[in-house]
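Readers should treat all values here as calculations from the given coordinates under stated rules, not as data from a laboratory. Bear in mind that the values here come from a model prediction, so they are computed numbers and not experimental data. In this analysis, Cβ positions are derived from the backbone assuming ideal geometry, glycine residues included, and neighbour counts consider all displayed protein chains.
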Amino acid sequence: MRDKINDILNNTIRELNLNDKKADIKIKIKPFKRKIASISLTNKTIYINKNVLPYLTDEEIKFIFAHELLHLKYGKYHINEFENELLFLFPNKEEILINIIKKLLKYNNLNNNAREGI
Ligand SMILES: [Zn+2]
């Protein structure tokens, strides 16, 4: 699992053309109450939801990493450049996101007061 995740992260970093400094990213797997993932821009660490990770496809993991890495590139807000680059990599991004949220709801024992998303 670890190796697979690191491969997906490295491929995503390459596809986003992040420079070496920005590409020095760590991954931590931890439980979340409501989120699928988050990134700490100061620690350069992506946190991914331990409860849901085993059920995600490679494409979904890649989508999550791409989303978090774009925060590293563009800052904390989902500005137009952020959304456009994500759409370029994932023309079906809405569908992927819906499937991720379904898994989050299913495997993370949520109440119906729901989600922070990613
Ligand atoms: Zn985001």
For this session: Would you mind telling me the antiparallel percentage of the DSSP bridges in the chain, rounded to 5?
Result: 40 percent
For this session: Output the DSSP H helices from the chain with an along-axis C-alpha extent of no less than 15 Å and a mean Kyte-Doolittle hydropathy no less than 0.0.
Result: 93-107
Seminar exercise, completed: Relative contact order of the chain (C-alpha contacts under 8 Å, at least 6 apart) in percent is 30 percent
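Provide, as a two-decimal number, the C-alpha radius of gyration of region 1-117 over 2.2 N^0.38 Å, N being how many residues it has.
Cα Rg divided by the expected 2.2 N^0.38 Å: 1.00.
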Exercise. Which of the peptides 72-80, 54-62 is most tightly packed, and how do the rest follow, judged by the mean count of other Cβ atoms within 10 Å per residue?
Worked result: 54-62, 72-80
For this session: Could you size up the charge dipole of the chain around its Cα centre, putting +1 on the beta carbon of Lys and Arg and -1 on that of Asp and Glu, and report it in debye to the nearest 20?
Result: 680 debye
